[in-house]
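Chemist: Shown below is the structure under consideration.
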Amino acid sequence: MNPENYIILSGVLFTIGAIGVLVRRNAIVVFMSVELMLNAANLAFVAFARINGNLDGQVVAFFVMVVAAAEVVVGLAIIVTVFRSRRSASIDEPNLLKY
Amino acid sequence: MIGNGAIIAADVAPILEPSSAATGIFAWIWLLIALPLAGAIVLLTTGRWTNRFGHLIGVATVVIAAGLAIAMLIEMMGRSAEARSFEQTLYSWVFAGQFQVDVAFQLDQLSMVFVLLITIVGSLIHIYSIGYMAHDPDRRRFFGFLNLFVAAMLLLVLADNYLLLYVGWEGVGLASFLLIGFWQYKPSAAAAAKKAFVINRVGDVGLSLAIMLMFVTFGSVTFESVFSSAGGASDSTLTWIGLLLLLAAAGKSAQFPLQAWLLDAMEGPTPVSALIHAATMVTAGVYLIVRSNAIYDKTVFAATTVVVIGVITMIIGAVIGSAKDDIKKALAGSTMSQIGYMVLAAGLGPVGYVFAIFHLLTHGVFKANLFLSAGSVMHGMNNGVDMRRFGALRAVMMITFGAFMFGYLAIIGIPPFSGFYSKDKIILAAFEQNTIVGISAVLAAGITGFYMTRMFTMTFLGKARWDDDAHPHESPPVMTIPLIVLAIGSLGLGASLYYWGDIVEWLAPVTGYESRPIAIPTTVLEAITLVIVLIGVAIAVLMYGKSVPIEPPQKVSVLTIAARNNLYDDATNDIVAVRPTWYAARFLVWFDNRIVDGAVNASAAFVGGASGRLRRLQNGFTRSYALVMVIGVIVVFGVLALVGLS
């Protein structure tokens, strides 16, 4: 199978994730979109590892997974804490940190 | 000439050899300055508990200094002319590379006569002040300032280099400022003090520039090395030094064009006018010129300028003195005029130096006498100064009248009073140099006869025109005794200095001396001068002898109006200096406020306004930050794609 298709799929997934981050208001869904972007990147890494015939891309993909797992822990904790104080998971509502 | 026998026949060149070290009594030169300085420090720092006896400390320090000076004079007279100069180095003051200045004193024949004048006349005026200032609550401060003045003036005449002289020069300026403004609660006195100070600054700048120029040219500022190497400097340098020194002298000695402060300086207490603004400080300019004779001898242009300035001041001072109704201001005009005589003589070169100093000494005594007599009159007349309110005071204050008369006869130059000898020699020297200068000097002598007779008649003779509450009375002995001493000086000092003291021979080793033949026989010249003086006297008697209106007449000549306004010197200064400075200051304030501050404020306002708008980008919406990041990444990659990824 042509590895370029994986790259295209990765691009499509990344774009969907980025648009999701930009247009959705629910923090959980935005978070999911971020995960989608990360996994699109992982798919690209793995595809490039296959094309180049070495393991560097796969190693990096594992790293990304580890970091993403840690990030999910922190991010969900923030979302839960915000939800507890505001009774809402909207990402537009907590906008106090500004000028 | 009466004194042919006393004039030394041969010309004398000044001795420039290093002076001998100060030993014996001359080891105490520093004490002359230290005594009044200590008095000033004690009086100005101890506070109220010295009020009762502070004035006695002030008098004692100056009297002891006078005694020491007399002892030094006697010792000096016992030595030969070559061995009369002494030098005392106290310590090294400034040393920076090539530049070295010591605190060192030089006592020679010229300094000696000044020291005597300052300490003896100073002592008499100190004693007089005990009575004059008796009712002033600030008498202790007054004596402190007077002592400070004496110390600074002695430093001025005893310094052996220009820089130390400059310290004394500024010191007397400070003391003059403090004493003119002694009654500082009077706005006129405070303004007069400030005026004197500011005008003196102009002259002081001249002196400081002259000192710098000397250092650059000669590498030293001591009298000895400057004078001995003066021949090696270029003509233009010497001329500049001479003109700058003249500027300094004009400021301190109230010479044209810096004369405007002296008349206002009469706001100070009368003993101050006598000591500082008649006898000593205002003659410092003459001292400076005569001391720098080695420079003026080599620059004809500067010396001629000195003569011109002297002649102008001599005439304008006399004219102003003729129109003033304020007795002190009339005397101040007279002081300007007489110092003009001295400056004129000093500019004549070796022909005149000696007589400049001679007239300075006799003038110091008889003008102090006149001022103190005027002070005594004021003391008896509720501090009034308007001569139109005096008259007929002869009967009620005989001693003051007598003293004033002696001073009067001395200043107009009636033989055998002292002014005759000194002024006559200057007129003679002026004729030796230039006939026009000589005629001006004779003319000024005539005007002197006029204004002094006017003053004398209006004050002591005629009918009483006193205020209703005036009860004139003779002053206490503490004031009249110094008057008597000064009156005796006014009578005898000229003749005794000339015949017995051999002033010419005494000063010649320092200043040099030469005489030149003139066309007119000296006796004839003396007779002409005397006749012209008597014509001046006669005019004054005719005008003021019979009656004097209490209010100054308004229908008077243009010259009188001009003279009443000090020949418009304030107006001239206003146009030449004050207004331009004022406008320049106004422009600079505007420039500072609008342009300099404007640029700073505008840039601050720009940064503030821009930041106020830019910070709106931080709106707190997470998704807008994310959008910015996405756009940023797209832009970065877009640019990379355009320029190529290599």
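Chemist: Sticking with the crude label model, points 7 Å out along Cα→Cβ, report the distance from B:LEU588 to B:THR435 in nm, one decimal please.
Modeler: Taking the two extended label points, one gets 5.1 nm.
Chemist: If you take the alpha carbon radius of gyration of the range B:376-501 and divide it by 2.2 N^0.38 Å, what ratio comes out, to two decimals?
Modeler: Its radius of gyration relative to the 2.2 N^0.38 Å reference: 1.23.
Chemist: Mean projection of the alpha-carbon convex hull of chain A over all orientations, in nm²?
Modeler: Mean orientational projected area (chain A, Cα hull): 7.5 nm².
Chemist: Say a paramagnetic label sat at a point 7 Å from the Cα of B:SER496, along Cα to Cβ; which residues of the range B:124-143 have their backbone N under 16 Å from it?
Modeler: The answer is B:124, whose backbone nitrogens lie closer than 16 Å to the label point.
Chemist: Per DSSP H run of n ≥ 4, the term is -39500 (n - 2.57); total these for chain B, divide by its residue number, and report the mean residue ellipticity at 222 nm rounded to 500 deg cm²/dmol. Kindly include the intermediate steps, with their values, before the conclusion.
Modeler: On the way: 27 runs with 422 residues, N = 646.
Counting only the DSSP helices, I get -21500 deg cm²/dmol.
Chemist: For the range B:26-115, compute Rg over Rh where Rg is the Cα radius of gyration and Rh is the Kirkwood radius from the inverse mean 1/r over Cα pairs. Working shown, then result.
Modeler: Details: Rg = 16.5 Å, Rh = 15.1 Å.
Answer for the range B:26-115: 1.09.
Chemist: Excluding residues fewer than 8 places away in the same chain, name every one of the lysines whose C-alpha is closer than 16 Å to that of B:LYS463.
Modeler: B:LYS546
Chemist: Quick one: work out the % antiparallel among DSSP beta bridges in chain B, nearest 5.
Modeler: On the way: 13 of 15 bridges.
Counting DSSP beta bridges with both partners in chain B, the antiparallel share is about 85 percent.
Chemist: Taking trypsin sites (Lys or Arg not before Pro) that fall in a DSSP loop and have at most 10 other Cβ atoms within 10 Å as cut points, what is the longest piece of chain B between them? Numbers along the way, then the final one.
Modeler: Working: sites that count: B:ARG52, B:LYS463, B:LYS546, B:LYS555.
Between the exposed loop sites, the longest stretch runs B:53-462.
Chemist: OK, next. Give me the one-decimal Kirkwood hydrodynamic radius in Å for the range B:576-643, with the sum taken over alpha-carbon pairs. Please list the in-between numbers first.
Modeler: Working: mean 1/r = 0.0595 Å⁻¹.
The answer is 16.8 Å.
Chemist: So, in Å, what gap is there between the alpha-carbon centers of the range B:14-64 and the range B:290-333?
Modeler: Each part's Cα centre sits 31 Å from the other's.
Chemist: At 27 Å minimum axial length over the Cα atoms and a Kyte-Doolittle cut of -1.0, report the qualifying DSSP H helices in chain B, or say none. Before the final figure, lay out each step's value.
Modeler: Values: long enough: B:54-77 (35 Å, 2.00); B:139-158 (28 Å, 1.52); B:187-218 (46 Å, 1.19); B:300-323 (35 Å, 2.31); B:327-347 (30 Å, 0.75); B:353-380 (40 Å, 1.04); B:435-460 (37 Å, 1.30); B:477-495 (28 Å, 1.93); B:522-544 (33 Å, 2.36); B:622-643 (32 Å, 2.27).
Both cut-offs are met by B:54-77, B:139-158, B:187-218, B:300-323, B:327-347, B:353-380, B:435-460, B:477-495, B:522-544, B:622-643.
Chemist: Can you tell me the FRET efficiency between A:ILE8 and A:SER85 if r is taken as the Cβ-Cβ distance and R0 is 45 Å, rounded to the nearest 0.05?
Modeler: The pair A:ILE8/A:SER85 has a calculated efficiency of 0.60.
Chemist: Assuming a viscosity of 0.890 mPa s and a temperature of 25 °C, what translational diffusion coefficient in µm² per second does Stokes-Einstein assign to the range B:314-412, Rh being the Kirkwood radius over Cα pairs? Walk me through the intermediate numbers first.
Modeler: On the way: Rh = 14.2 Å.
Diffusion coefficient, whole number: 172 µm²/s.
Chemist: Sticking with this one: Indicate the gyration tensor shape class of the range B:507-589 (rounded, prolate or oblate), computed on the Cα atoms with a ≥ b ≥ c the square roots of the eigenvalues: a/c under 1.5 is rounded; otherwise a/b larger than b/c is prolate and the rest oblate. Numbers along the way, then the final one.
Modeler: On the way: a/c = 3.90, a/b = 1.31, b/c = 2.99.
In terms of gyration-tensor shape, oblate.
Chemist: Measuring from centroid to centroid over Cα atoms, what is the spacing of the range B:459-479 and the range B:233-253 in Å?
Modeler: Cα centroid of the range B:459-479 versus Cα centroid of the range B:233-253: 46 Å apart.
Chemist: How are the C-alpha pair distances of the range B:75-166 spread across 10 Å bins, as whole percents from the shortest bin up?
Modeler: 15, 34, 28, 18, 6, 0
Chemist: Also, I was wondering about something else. Just tell me which lysines come within less than 26 Å, Cα to Cα, of B:LYS195; anything on the same chain fewer than 8 places away is out.
Modeler: B:LYS186, B:LYS252, B:LYS324, B:LYS328, B:LYS329, B:LYS367
Chemist: For q values of 0.07, 0.10, 0.11 Å⁻¹, compute log₁₀ I(q)/I(0) with the Debye formula on a Cα-only model of the protein assembly as shown, without solvent.
Modeler: Once normalised to I(0) and log-transformed, intensities are -0.54, -0.98, -1.17.
Chemist: Another question, then. Short version: what are the Cα gyration tensor semi-axes of the range B:477-537, square root of 5 times each eigenvalue, largest first, in whole Å? Don't skip to the end; give the middle numbers.
Modeler: Details: eigenvalues 167, 100, 14 Å².
Value: 29, 22, 8 Å, ordered largest first.
Chemist: Would you kindly compute the Cα radius of gyration of chain B and its largest Cα-Cα separation (Dmax), both in Å?
Modeler: 30.8, 119
Chemist: Work out the FRET efficiency for B:GLU514 and B:MET77 from their Cβ-Cβ distance, taking R0 = 30 Å, and round it to the nearest 0.05.
Modeler: Values: r = 24 Å, r/R0 = 0.80.
Efficiency for this residue pair is about 0.80.
Chemist: On to the next question. What FRET efficiency comes out for B:SER225 versus B:ALA38 if R0 is 30 angstrom and r is the Cβ-Cβ distance? Round to the nearest 0.05.
Modeler: Calculated value: 0.40.
Chemist: Where the centroid of each part is defined by its Cα atoms, how far is the range B:588-613 from the range A:32-56 in Å?
Modeler: Taking the Cα centre of the range A:32-56 as reference, the centre of the range B:588-613 is 56 Å away.
Taken together, the values in this text are just the output of simple stated rules run on the coordinates, not laboratory data. Everything numeric in this text was worked out from a predicted model, so none of it was measured. For neighbour counting, all protein chains shown are included, and Cβ atoms are generated from backbone atoms with ideal geometry for every residue, glycine included.
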